[in-house]
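The values are calculated or read from the model by the stated rules, or taken from the named source; none is laboratory data. In this text the structure is predicted, and so the values were computed from the model without any measurement. Reconstructed Cβ throughout: ideal geometry from the backbone, glycine too, with neighbour counts over all protein chains shown. The accessibility values were calculated without ligands, DNA or RNA, using every heavy atom of the protein model including side chains. Shrake-Rupley method; radii C 1.70, N 1.55, O 1.52, S 1.80 Å.
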Amino acid sequence: MQRLPEPIQDLARLLSQRLPGREAQLRMAHAARARGDLHMRADVRPAAVLILLYPRDDQWHTVLIERRHVPGDRHAGQISFPGGRQEPGETLYQTALREGQEEIAAPPEQIARVGALTALHIPVSNYLVHPFVGFSPRPHIFIPQPSEVARIIEVPLTTLTNPSTRTLRQINLPNGTVLEDVPCFVFDEHLIWGATAMIISEFLSVIDAHPTLPHAPLQSTRQGRYPGPG
């Protein structure tokens with residue numbers, strides 16, 4: 001059994017209620033995506049990502065990765081949450097934990113499940129991605145998986161909630177396609193767009209229902225017990 005700080009308890013309650021869903025996701029989607037066909041192919045592949053929250057300097061942080069340029073990877077070079085496809089015999093949450101361990105060395109035994117966001121279909125790779133929110137009571141030394149991860153990016157949640165980080169950019173795809181006016185999160189030299197920006201958009205919509213959450217210290221006098229990962 002582990003302890004859940006008060007702000008994370010509040011977040012877990014929000015995630016257990018009706019989610020903002022596709023409407024919130026589309027706020028950070030390119031216009032072509034918003035107009036796209038909503039129907040998934042029958043052979044859609046299940047996948048999961050881990051949105052890991054943890055305290056650093058008494059602020060909420062989460063961790064992202066920049067993917068290496070790997071031949072055949074349609075998302076190479078992009079910034080995303082740790083994640084990947086579901087393997088036989090595991091639940092989707094176990095997929096998220098395994099990928100977090102493999103890609104950034106996040107210890108699954110120290111991560112508690114907080115909740116889940118709305119699944120998001122990625123047409124270009126035909127994945128149905130299930131985002132899971134986890135919490136660790138302490139920061140970690142993250143180690144990138146050399147074959148897949150070019151860089152680990154730790155970001156305070158207040159950076160993502162700051163309206164100044166949201167903008168429109170031109171995106172040049174490897175196949176030569178140019179996308180104009182793509183909604184993005186931009187901070188430092190990092191640019192987040194596409195499915196990851198859509199997932200973040202829904203997450204921020206959830207915590208908007210409790211606007212003090214991103215600023216609430218993760219150390220709390222009122223703590224409740226909750227089961228570890230499972």
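Non-local amide H neighbours of residue 118 (under 5 Å, H modeled in plane, Pro and chain starts lacking H): which ones?
21
Among residues other than residue 98 whose Cβ falls under 11 Å from its Cβ, what is the net charge (Lys/Arg +1, Asp/Glu -1)?
For residues surrounding residue 98, the net value is -4.
Rg(Cα) of the range 77-205 divided by 2.2 N^0.38 Å?
In units of the 2.2 N^0.38 Å rule of thumb, it is 1.09.
Rounded to the nearest 10 Å², what accessible area does residue 41 show when all protein chains are kept and the probe is 1.4 Å?
For residue 41, the solvent-accessible surface is approximately 130 Å².
Residue by residue through the range 15-21, which ³J(HN,Hα) values in whole Hz follow from phi under the Karplus form 6.51 cos²θ - 1.76 cosθ + 1.60 (θ = phi - 60°), with glycine and proline marked x?
Result, ordered by residue: 6, 7, 9, 4, 8, x, x Hz.
Please report, in whole Å³, the volume per residue of the convex hull around the C-alpha atoms of the chain.
Spread over its residues, the Cα hull of the chain gives 129 Å³ apiece.
Collect residues whose amide H, placed 1.01 Å from N in the peptide plane, falls under 5 Å from the amide H of residue 56; neighbours closer than 5 in sequence don't count.
61
Tally Lys/Arg at +1 and Asp/Glu at -1 over every other residue whose Cβ is under 11 Å from the Cβ of residue 183; what's the total?
After counting each charged neighbour, the total is +3.
About its Cα centre, what dipole magnitude does the chain give when the only charges are +1 on Lys and Arg Cβ and -1 on Asp and Glu Cβ, stated in debye to the nearest 20?
Dipole about the Cα centre, nearest 20: 400 debye.
Work out the charge dipole of the chain with +1 on the Cβ of Lys and Arg and -1 on the Cβ of Asp and Glu about the Cα centre, then indicate which of 134, 12, 187 is farthest towards its positive end.
Going by the charge dipole, the pick is 12.
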